[in-house]
Amino acid sequence: MNKKRMILLLSMLIFIGVVVFFTLDRNVAVSAPAFYVANAGDGTLSKIDLDERESVESISLGVNELSHGIAISPDEKVVYYGTGFQGKSLQALEVDTQEIVSELIFDEGVHGIDIHPSGEFLYVSLMGGLGEDGGVLAVVDTNTFTEIARITTDDGPAHVSVTNDGAQIWVANVNGNSISVVDAYTYQVLATIPVGEVPNEVAVSPTMDFAYSANVRSNTISVIDMVRFEVIEEIQVGEGVHGVTVSPDGKQVWTANNHSNDVSVIDVETLSVVKTIETASYANHISFSPNGEFAFVTHRESNNLVIIDTKDYSILNELDLGNEPHEMTLKGMLASNETMEDDFTDRQETKNYLVSGEEFTEGVDIQIQLLSPYNLENQELIWELANVNPFDFFFINIDMSTHSGDLMAVPFDEGIVLANEEGTEVSPIQWIVVNEESHHPRYMAIFEKTVNMTPLLTNQNSYLEMIFRPFINEEEVRVELSKH
């Protein structure tokens, strides 16, 4: 190789190296972790660099106000926010392009928003305003950006919190002075728990043993046993407690107190306030960094973000925000996106439950079971047989057994329905023959979970039963599904 060619080759390698260096550097800058603050009073989002804890930019969304709640997709590529009580819509903003890619319009104002850990569903509280009756929790499919269910809670659903395993949705009802607990799969309201006056927000522990309700007018935190759905303690905190969050290790609860302009720190073991931190005017909402080293507090009157060192409770910095800042997208963010999928899968497996029923008639033993979508074997079976999301429908396994006769010759699918205690019935959208043995056939019946967006299972007294019309010679056979 001559000298000129050697110099040319070295020059090309140096050029490529420089390009790669700057490309990698740009990629690092673009992917730097950030969170967003909903500024309700001026319709903007504030973008905050999480590592540097500095304000990056203000994003104008072309509206005059925003809802108080906000959420971000697990991959941190899409921010979801509402346009308040006037705009009555939910919008999706693509982070990289800052373009609004989806919008869904409701008939009531949007207040709180949270997202399922899988990123598949959003939970949006709809209400008329403080002091008004009514209100519902809307379930939105993030893939189609359509509303798929409406769940009736108590009056005035405000802020929403989804448990880490994605199995339950906890809703603070400001006008009902209660907390609603909703099964994320069935949409059934499992409990309505009385708490203090005007509960604005409820935070659930990462260990899913206790939940904490911030009661604005009572100046208290209601501590709720998440297994028994009972309040076990009332803790006096600052005046006008409005926001509440639990540290990532579950050892402390921090509150943002509107009227006393401070933050209360509660020790979970002793259920007592161990520190009060003066912040700024009208402390509104509070969140931790994913590693728990910092707490971030928005302030509705001073329009700023106060950053607190959680080790010594010192105030590190104050950042200017837009008008009337509320919630942040820090809730639910994981320390590493790489662990997100495995972490959610591990958490799901702890939530298996059995809903089944049995009946013996005309010499036939009938056993039915609602397949839990939290069971990994059930997930694989549903994907294999039906090729649909296990969380989207009710999948019921039907086992039959007899010592005589050919059960496969009976067209059970022609008259089978799923009904609730109110008599609402749905026919299967799909009937799958799993096992064709004449004496021991097995079927899978797939049903919608809602009728006109109203869940089949509505409250803690609801139940389902499968009805066979006819069943061989019987006019009707009913098999009730009960939880074990």
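Say the dipole of the chain comes from +1 at the beta carbon of Lys and Arg and -1 at that of Asp and Glu; which of Asn175, Pro74, Ser218 then lies farthest toward its positive end?
The one lying farthest along the dipole's positive direction is Pro74.
Compute the distance from the alpha-carbon center of the stretch 132-165 to that of the stretch 52-117, in whole Å.
So the separation of the two Cα centres works out to 15 Å.
Quick one: compute the contact order of the chain, relative version, from alpha carbon pairs under 8 angstrom and 6+ residues apart, as a percent.
Computed value for the chain: 9 percent relative contact order.
Please state the charge dipole magnitude for the stretch 352-483, taken about the Cα centre, from unit charges on C-beta atoms (+1 on K and R, -1 on D and E), reported in debye and rounded to the nearest 20.
Once rounded to the nearest 20, the dipole reads 380 debye.
Helix-only estimate, please: 222 nm mean residue ellipticity of the chain, summing -39500 (n - 2.57) across DSSP H runs of length 4 or more and dividing by its residues, to the nearest 500.
When only DSSP H runs of four or more count, the value is -3500 deg cm²/dmol.
Give, in nm to one decimal, the length gained when the segment between Glu52 and Glu358 is fully stretched (0.36 nm per residue of separation minus the Cα-Cα distance).
Using 0.36 nm per residue and subtracting the Cα-Cα distance, I get 104.2 nm.
So how strong a dipole does the stretch 35-343 carry about its Cα centre when Lys and Arg Cβ are +1 and Asp and Glu Cβ are -1, to the nearest 20 debye?
Once rounded to the nearest 20, the dipole reads 560 debye.
Could you give the C-alpha radius of gyration of the stretch 352-483 expressed as a fraction of 2.2 N^0.38 Å, taking N as the number of residues it contains?
In units of the 2.2 N^0.38 Å rule of thumb, it is 1.02.
Taking just the alpha-carbon atoms of the chain, what radius of gyration and Dmax come out, in angstrom?
Taking only Cα atoms of the chain, I get Rg and Dmax of 26.2, 97 Å.
Kindly rank 441-450, 239-248 from highest to lowest mean number of other beta carbons found within 10 Å of each residue.
In decreasing order of mean packing, 441-450, 239-248 become 239-248, 441-450.
Compute, for the stretch 213-296, the length of the dipole vector about the Cα centre, with Cβ point charges of +1 (Lys, Arg) and -1 (Asp, Glu) only. Units Debye, rounded to 20.
Roughly 160 debye for the stretch 213-296.
Give me the one-decimal nm value for the distance between modelled label points at Asn473 and Ser401, 7 Å along each residue's Cα-to-Cβ direction.
2.3 nm
Can you list which of the DSSP-assigned H helices in the chain have a Cα extent of 30 Å or more along the long axis and an average Kyte-Doolittle score of at least -0.5?
Once both thresholds are applied, what remains is 3-30.
Over the stretch 122-195, calculate the relative contact order: mean separation of alpha carbon pairs under 8 Å at least 6 apart, over the residue count, as a percent.
23 percent
Find which of Ile193, Gly84, Ser314 sits farthest along the positive direction of the dipole of the chain, computed with +1 on the beta-carbon of Lys and Arg, -1 on that of Asp and Glu, about the Cα centre.
Of the candidates, Ser314 comes out farthest on the positive side.
For the pair Glu436/Met408, report the inter-label distance in nm, with labels modelled 7 Å from Cα in the Cβ direction.
About 0.5 nm, to one decimal.
Over 18 Å between Cα atoms, which of Lys47/Lys275; Lys251/Lys311; Lys47/Lys88; Lys88/Lys331 qualify?
Correct reply: Lys47/Lys275; Lys47/Lys88; Lys88/Lys331.
In whole percent, what relative contact order does the stretch 352-483 give with Cα contacts below 8 Å and a gap of six or more residues?
26 percent
Which of Thr152, Met208, Val246 sits closest to the plus end of the dipole of the chain, meaning its Cα is farthest towards the positive end, when Lys and Arg get +1 and Asp and Glu get -1 on the C-beta?
Result: Val246.
Since every read-out is calculated from the coordinates, none of them should be taken as a lab result. It should be emphasised that the depicted structure is a prediction, and the values quoted were computed from it without experimental measurement. All Cβ positions, glycine included, derive from the backbone under ideal geometry; neighbour counts span all protein chains shown.
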